[in-house]
Amino acid sequence: MAEDTADKAERGDRIAKVLARAGLCSRREAERWIAEGRVVLDGKVLESPAVNVPPGSIVLVDGKPLAEPEPTRLWRYHKPSGLVTTHKDEKGRDTMFDALPAELGRVISVGRLDLSSEGLILLTNDGELARKLELPSTGWIRRYKVRIHGTVEPERLVALENGVTIEGVRYGPIKAEFERQQGANAWCTMALTEGKNREVRRVFEYLGCTVNRLIRLSYGPFQLGALPRGEVEEVPRRVLRDQLGLGPAGDKGKRPGEAAAAPRPVLKLARPPRPAARPRKRDA
């Protein structure tokens, strides 16, 4: 077993994994960059992602050397409605990455929320971590609060715990509960582990309702809580250690005996100043 581990370390990791760990991009983006001829390994332009990077190799991306990996960091972000969760949008719509503080640097989202959805998005500087947290095999529950137009029988919501197939797509067990009816609208909660594209909306359409508000409340152990809309807060490293098992300091690429970097302050989006209060008139 020790020899296998040593042999694997000598061969190194796949280039896409190395780029993702450096926080430059996701594995899928890395593969596209390689196809575009943007990645060079030890003086050779790569044509395929099926390449390992041995220790001591020199990797260039767009002519610039790959930086040493920074400590893994994770943030909670309260995404407002009206922003897409891609770095660039082909339709020219506003993206959540444009709204993030510049001090955050290059980050990757863990999963997505569509344009009109809001709530918790996890952000990280480690593309490999983002990939792991998105996998259904992680088993992390995503919880949502949903407002629908129409009514739905509680019995039909309970039946979702057995999973459902909609237009050939199989959705796994969903725990859904009816909360209350408000006129033509109703509030429900949903908990699922897969998080397929537009899963919540498609399930309610299948039930004969239309989702008109969708809020993600949690992603695994991480909660939206009272985080204000549009703001971002870093997850403490002790929490990363406890929840993700990232090591004593939650660092990646830290050399033996090297002290962990001091945590950076919480970053929040700037808010417009409040107007000055008008002086109150004194009684005559």
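The values are calculated or read from the model by the stated rules, or taken from the named source; none is laboratory data. Not measured: the values here are computed from a predicted model. Every residue, glycine as well, gets a Cβ built from its backbone with ideal geometry; the counts of neighbours run over all protein chains shown. When the accessible area is computed, the model is the full protein with side chains, heavy atoms only, and any ligands, DNA or RNA have been set aside. Shrake-Rupley method; radii C 1.70, N 1.55, O 1.52, S 1.80 Å.
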At 0.890 mPa s and 25 °C, Stokes diffusion of the range 79-194 via Kirkwood alpha-carbon radius, µm² per second: 150 µm²/s
Proximal charge balance of residue 59 [Cβ under 13 Å; K/R count +1, D/E count -1]: +2
Förster-model FRET efficiency, 41 Å R0, residue 91 and residue 155, C-beta, rounded to 0.05: 0.55
Extent along principal axes [Cα atoms of the range 33-101; Å; largest to smallest]: 44, 30, 20
Candidates per GluC sites (Glu not before Pro) in the range 62-147, loop by DSSP, up to 13 other Cβ within 10 Å: 90
By accessible area with a 1.4 Å probe, ligands and nucleic acids excluded, highest first: order of 151, 85, 138: 151, 138, 85
Most to least packed among 139-145, 160-166, 107-113 [average Cβ atoms within 10 Å]: 107-113, 139-145, 160-166
Efficiency of FRET from Cβ geometry, residue 52 and residue 169, R₀ 35 Å, rounded to 0.05: 0.50
Distant-in-sequence amide H partners of residue 174 (H built 1.01 Å from N, under 5 Å): 161, 162, 163
Three-way shape label, the range 192-245, alpha-carbon gyration tensor, a/c 1.5: oblate
Projected label distance in nm at residue 115 and residue 162, using a 7 Å step from Cα toward the beta-carbon: 3.7 nm
